[in-house]
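The values are calculated or read from the model by the stated rules, or taken from the named source; none is laboratory data. As the structure is a computational prediction, the values presented were derived from the model and not from experiment. Cβ placement follows ideal geometry from the backbone for every residue including glycine, while neighbour counts extend to all protein chains displayed. For the accessible areas, the whole protein counts, side chains as well, though only heavy atoms, and no ligand, DNA or RNA atoms are used. Shrake-Rupley method; radii C 1.70, N 1.55, O 1.52, S 1.80 Å.
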Amino acid sequence: MSDFFAREIERLKRKDGYRWLRTMEGATGPRMRVDGREVIVLCSGNYLGLATHPRLKAAAIEATERLGVCSAAARLITGNNELYDVLEKRLADFKGREAALVYSTGYMANLGVISAVVGEGDAIYTDALSHASIIDGCRLSRALVKVFPHNDLSALERLLRSDTGFRRRLIAVDGVYSMDGDLAPLPDLAKLAKQYQALLMLDDAHGTGVLGEGGGGTAEHFGLQDPDAVDIEIGTLGKALGSFGAYVVGSRSLREYLINRSRSFIFTCALAPPMLAAAIAAVELVQQEPVYRQRLWENVRHFRDGLHRLGLSTEPSATHILPVMTHDRQRTMALCERLLELGVFCQGIRPPTVPPGTSRLRFTVTATHNIEDLDEALAAIEQAFREFALL
Ligand SMILES: Cc1ncc(COP(=O)(O)O)c(C=O)c1O
């Protein structure tokens, strides 16, 4: 039977679908060693550079000294240590919502929220480019799942109008699409949700901390004033917020409901105290110090302009996630390896993460890159793309 694994691996290698782990050395930052080679990292989610911020590190160390490194049980047993309360109040305040509930990861939050909110007899409407964890949450829920073409509001409205007889309906979308860097048309989605009495769920993993004047994310970016325009918002603490874990924000009753009904919340160990303490410090920093966001956007502009000057399109991105389409999966992975040789790490993205024929290099810059890092990377990108006749 174990031959099955080896056969499957061989099949993946033949199809160029094989994945393997690279070893990263050094502190999470703009320059690290990848498999022993020093490179400029252009694919991390450490958007604001908070992963190594002295205030996050000090908070994590203090919490470790005082509370230890393990919560040792689920939150409903002994895991709900004092830091959760602080973090959840800060997150609710940051997002302008009644309440927040912290989960162990964003993946688990999507699984646990969707499958608790809808089930048999309900319907979910989700975007064709929704994150894998939304898709898996939809599957787990046993609700009827309807996928509408990416950001196609007319198609969504047709579905909402023609469907009747469902107990509950949920629209589930990303705020910033993780592989394309474009935005969900949130104000129109919120209008449709109200009009057709559906719940709206937003996964703002890539918008939080980055978009909006106060870093509040996609809803703030669009100036959505009504705090209830989005019924359920999910986000990770493991990207711009420089820590680990995830949150759901919404009404107080949503929070209570999830504590009672969400299996990926109930049946898992609580986060470790240092992670919670670091997340508290991160939320404070994001609210108090816009400078990290400003640096990020300056870097995004510099790098994006540089790519465009080379003749490389970053369509359809409107954000800090900058995809450059390379289409063919084999070529994409070879280009990624060549860039590594030239001192730049940007992981190639291929199916099933993205639709067939849309393999890409997905660049992300951070607040901690400096102009020299970005210019050096652009020179390497130019060389590699020329070698591959893509320029
Ligand atoms: C849009 C989106 N949602 C959810 C997740 C999962 O979050 P986490 O890494 O906290 O599990 C990710 C990626 O990590 C993501 O890109």
If you take the beta carbon distance between residue 191 and residue 61 as r and set R0 to 41 Å, what does 1/(1 + (r/R0)^6) give as a FRET efficiency, to the nearest 0.05? 0.30
Roughly speaking, what is the stretch gain from residue 35 to residue 14, that is 0.36 nm per residue apart minus the C-alpha to C-alpha distance, in nm to one decimal? 5.2 nm
What net charge is computed for the residues neighbouring residue 354, neighbours being all others with C-beta under 9 Å from the C-beta of residue 354, Lys and Arg scored +1, Asp and Glu -1? +2
Nearest-0.05 FRET efficiency for residue 289 and residue 259, computed from C-beta distance (R0 35 Å): 0.60
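Rounded, prolate or oblate: pick one for the stretch 191-296, where a ≥ b ≥ c are the square roots of the eigenvalues of its C-alpha gyration tensor, a/c under 1.5 means rounded, and failing that, prolate if a/b is larger than b/c, else oblate.
Numbers: a/c = 2.49, a/b = 1.08, b/c = 2.29.
Oblate shape, in that a/c is at least 1.5 and b/c is the bigger or equal ratio.
Counting only heavy atoms of the protein chains, get the accessible area per residue of the chain (1.4 Å probe) and round it to a whole Å² value.
For the chain, the solvent-accessible area averages 44 Å² per residue.
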Over the Cα atoms of the chain, what is the Rg over Rh ratio if Rh follows Kirkwood? 0.97
Evaluate the Debye formula for the stretch 243-391 with equal point scatterers sitting on the alpha carbons, no solvent, and hand back log10 of I(q)/I(0) at q = 0.20 Å⁻¹, in q order, two decimals. -1.15
Order 232-243, 379-390, 316-327 from most to least packed using the mean count of other Cβ atoms within 10 Å. 232-243, 316-327, 379-390
Kindly rank 257-265, 124-132, 352-360 from highest to lowest mean number of other beta carbons found within 10 Å of each residue. 124-132, 257-265, 352-360
For 295-307, 195-207, ranked highest to lowest by mean beta-carbon neighbours within 10 Å, the order is 195-207, 295-307
Can you grab the distance from the C-alpha centre of the stretch 210-265 to the C-alpha centre of the stretch 277-323, Å, no decimals? 20
So, R0 is 45 Å and r is the distance between the beta-carbons of residue 69 and residue 168; what FRET efficiency does that work out to, to 0.05? 0.65
Debye log10 I(q)/I(0) at q = 0.21, 0.25 Å⁻¹ for the stretch 136-207, Cα point scatterers: -0.99, -1.35
